[in-house]
Amino acid sequence: MRLPENVRMLMARLRQAGYTAYAVGGCVRDTLMNRVPKDWDLCTSALPADMQRVFAGERVLETGLKHGTLTVILGHEPYEITTYRVDGAYTDHRHPDAVSFVDRVDGDLSRRDFTINAMACGEDGAVLDFFGGREDLKAGIIRCVGDPEKRFGEDALRIMRALRFASRYDFAIEPETDRAIRSLYPTLDRVAGERIRVELLGMLTGPGVGRMLRAYPEVLTFLIPCLKEEVGYDQKNPHHLFTLWEHTVRAVEEVPPDEVLRMTMLMHDCGKPAARITDEKGIGHYPGHQAISARLTAPILEKYRFDRASSDRILRLVEAHDIPLSPDRKTMLRRLNRFGEEDLRALFDVHRADRIATGTRSPAHARERTQELNDALDALLREHPCFSRKDLAVNGHDLMALGFSGADIGRELDRLLEAVMDGQTENTREALLAESAKRRADS
Ligand code: ATP
Ligand code: MG
């Protein structure tokens with residue numbers, strides 16, 4: 001396979017200094033799949049101190065040096081170069097007790113998680129493949145290097161990585177690997193939240209997500225226990241053709257592959273079982289489930305260390321997932337005021353997915369509806385409408401000059417905003433000042 005110029009140059013420098021070096025892992029896998037790798041990682045027989053000497057003239061980052069990694073920056077691209085290593089024993093299922101450097105690449109490859117990730121490529125473009133990675137790549141198979149139980153026992157995160165890669169490439173999970181996942185997933189409780197989040201989001205945003213959620217509900221509900229009741233849950237509602245879990249899976253698949261949207265759909269109905277009331281006809285209703293879902297979602301986002309901004313968005317979207325939407329101007333302005341453009345457009349997607357996932361609504365109709373909402377929003381935004389306090393032609397100082405003070409200022413600004421959004425008042429200084437002055441005189 002072909003290596004980029006920079007990568008060959010780095011390898012040549014190491015070779016000239018008497019070391020061996022290979023491109024390794026994701027970049028080899030992606031290149032063999034005709035995909036563009038995110039980055040190029042190298043491994044080498046050179047020890048950290050040797051690498052420092054070899055690349056003394058280059059811009060380098062030494063942050064990973066303790067773990068054997070030197071990052072060389074060429075152009076603006078970082079290249080991670082790591083000394084061949086094997087991991088020592090794992091007693092806690094997540095950290096090797098010791099890492100030792102070795103002088104051969106085969107040792108380094110055998111510590112890697114899956115056959116498709118355990119290939120290396122030399123300077124001459126020849127691929128080293130000791131575990132049948134190429135074949136598995138061709139057949140579309142995720143298979144552990146070595147004994148799956150042992151490998152998941154060393155690092156339980158690999159369980160989530162298996163699901164992530166299977167989803168991303170729409171690959172199958174090899175039977176032994178699958179069996180080990182099903183018996184060892186409870187050891188995921190020893191893995192740090194942020195590591196799980198990365199792989200969970202990778203799985204959720206991949207094209208094979210539906211297959212993974214359907215095949216491994218026990219893994220998902222182990223990580224997110226408030227989803228447990230969804231599995232096999234009969235919604236007892238004529239608008240819903242599927243169990244709650246199947247509805248959720250379909251809703252996840254229906255939204256664009258965006259981390260916030262996918263996580264929103266995964267969580268959107270988790271409050272339903274707690275909210276259910278059954279009417280005299282035996283039909284299930286779920287009043288207030290949106291807020292319950294949001295309440296149950298918050299600690300999950302915390303546990304897996306979602307960043308504040310994403311977390312706020314997910315909670316807002318879960319709570320508002322079926323708020324009424326309409327292309328009419330008044331409703332649209334109010335929604336813009338409450339959600340802002342980005343989240344409002346996200347809500348259009350959430351609505352569509354939620355409807356299609358019932359199994360009782362026409363997908364074509366739902367898509368037309370999303371289009372109609374987006375078009376209406378486009379048209380509205382072209383007018384630069386007023387939908388927030390800061391868009392008003394007056395501000396708090398103007399109101400103070402009229403004699404408003406304290407909390408009354410905010411209340412008055414909101415009243416003006418409502419009047420403007422409803423088309424009762426024009427958003428001009430004169431009109432707004434006149435209206436406020438009148439209200440002030442009346443009070
Ligand atoms: P991506 O394209 O998503 O970055 P990647 O294969 O490069 O995929 P990384 O998480 O960047 O994945 O890891 C780089 C390489 O390190 C992997 O290809 C694999 O060989 C090895 N690796 C990463 N994490 C583990 C792990 N937990 N156990 C064993 N090997 C791992
Ligand atoms: Mg990578």
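Which pairs turn up if I take residues in the range 158-170 that are of a type in the set (Gly, Ala, Ser) and look for partners that are near ligand 1 (Cβ under 8 Å from one of its atoms) with beta carbon separation below 8 Å, at least 6 apart in sequence or on another chain? As it stands, the answer is Ala162/Asp113; Ala162/Phe114; Ser167/Gly202, since those pairs meet every condition given. Checked against (1) more than 21 Å from Lys38 (Cα to Cα); (2) at pLDDT 95 or above, Lys66 meets all criteria but (2).
Phe130 meets the conditions (1) touching a Ser or Thr at 6+ places or on another chain (Cβ under 7 Å); (2) closer than 22 Å to Leu32 by Cβ; (3) of a type outside the set (Asp, Glu) in every case but one. The failed one is (1). The listed residues are Thr221, Thr187, and the only one of them that is surrounded by fewer than 20 Cβ atoms within 10 Å (Cβ to Cβ), touching a residue at least 60 places away in the same chain (Cβ under 8 Å) and of a type in the set (S, T, N, Q) turns out to be Thr187. Do we have Val145 as touching a strand residue (DSSP E or B) at 6+ places or on another chain (Cβ under 9 Å) and farther than 15 Å from Ile181 by Cα here? No. Of all the listed residues (Ala309, Ala251), the sole one being exposed (fewer than 15 other Cβ atoms within 10 Å of the Cβ), modelled with pLDDT of 95 or more and within 29 Å of Val191 (Cβ to Cβ) is Ala309. Quick check on my filter: what residues within the range 1-33 are of a type in the set (D, E, K, R) and within 16 Å of ligand 1 (Cβ to nearest atom)? Answer for the range 1-33, where residues must be of a type in the set (D, E, K, R) and within 16 Å of ligand 1 (Cβ to nearest atom): Arg29, Asp30.
Leu301 fulfils the conditions (1) of a type in the set (A, V, I, L, M, F, W, C); (2) buried (at least 23 other Cβ atoms within 10 Å of the Cβ); (3) in contact with a Ser or Thr (Cβ under 6 Å, 6 or more places away or on another chain) except for a single criterion, (2). Considered as a group, the residues in the range 126-155 that are over 29 Å from the mean Cα position of the chain (by Cα) and closer than 30 Å to Asp189 by Cβ include one that is surrounded by the most Cβ atoms within 10 Å (Cβ to Cβ), and that residue is Phe131. Among the residues of the range 93-138, those identified as assigned to a helix (DSSP H, G or I) and over 24 Å from Gly64 (Cα atoms) are Thr115, Ile116, Gly133, Arg134, Glu135, Asp136, Leu137, Lys138.
Scanning the range 318-331 for residues that are within 17 Å of Asn374 (Cα to Cα) and without any contact (Cβ under 8 Å) to a residue 60 or more places away in the chain returns His321, Asp322, Ile323, Pro324, Leu325, Ser326, Pro327, Asp328, Thr331. Checked across the range 259-278, the condition of being within 17 Å of the chain's Cα centre (by Cα) and assigned to a loop (DSSP other than H, G, I, E, B) holds for at least one residue.
Table: residues versus (1) assigned by TED's automatic domain parsing to the domain that holds Leu200; (2) closer than 24 Å to Leu223 by Cβ; (3) of a type in the set (Phe, Trp, Tyr).
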{"site": "Val72", "(1), (2), (3)": "no, no, no"}
{"site": "Tyr79", "(1), (2), (3)": "no, no, yes"}
{"site": "Phe101", "(1), (2), (3)": "no, no, yes"}
{"site": "Ser110", "(1), (2), (3)": "no, no, no"}
{"site": "Thr115", "(1), (2), (3)": "no, no, no"}
{"site": "Gly122", "(1), (2), (3)": "no, no, no"}
{"site": "Val127", "(1), (2), (3)": "no, no, no"}
{"site": "Gly146", "(1), (2), (3)": "yes, no, no"}
{"site": "Lys150", "(1), (2), (3)": "yes, yes, no"}
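Put simply, of Val7, Val24, Val60 the only residue that is more than 16 Å from ligand 2 (Cβ to nearest atom), buried (at least 18 other Cβ atoms within 10 Å of the Cβ) and modelled with pLDDT of 95 or more is Val60. Across the range 156-175, a minimum of one residue is classified as surrounded by fewer than 22 Cβ atoms within 10 Å (Cβ to Cβ) and more than 22 Å from the chain's Cα centre (by Cα).
Take the residues in the range 27-57 that are among the basic types (Lys, Arg) and within 34 Å of the chain's Cα centre (by Cα); name whichever of them is farthest from ligand 2 (Cβ to nearest atom). Here the answer is Arg35. Please verify whether the range 414-429 includes one or more residues that are over 25 Å from Met332 (Cα atoms) and of a type outside the set (Lys, Arg). No: zero hits.
Out of Gly146, Gly206, Gly193, Gly202, one residue alone is over 17 Å from Arg262 (Cα atoms) and touching a Ser or Thr at 6+ places or on another chain (Cβ under 9 Å). It is Gly146. Between residues in the range 1-12 that are within 16 Å of Val60 (Cα to Cα) and in contact (Cβ under 8 Å) with a residue 24 or more places away in the chain and residues that are part of a helix (DSSP H, G or I) and not β-branched (Val, Ile, Thr), which pairs lie under 9 Å by C-beta distance while being six or more apart or on different chains? The qualifying pairs are Val7/Cys27. Against the numbered list (1) more than 16 Å from ligand 1 (Cβ to nearest atom); (2) at negative phi; (3) over 29 Å from the mean Cα position of the chain (by Cα); (4) of a type outside the set (Lys, Arg), Gly88 comes up short only at (1).
The values are calculated or read from the model by the stated rules, or taken from the named source; none is laboratory data. Owing to the predicted nature of the structure, the values given are computational and were not obtained by experimental measurement. We place every Cβ from the backbone using ideal geometry, glycine too, and count neighbours over all the protein chains shown.
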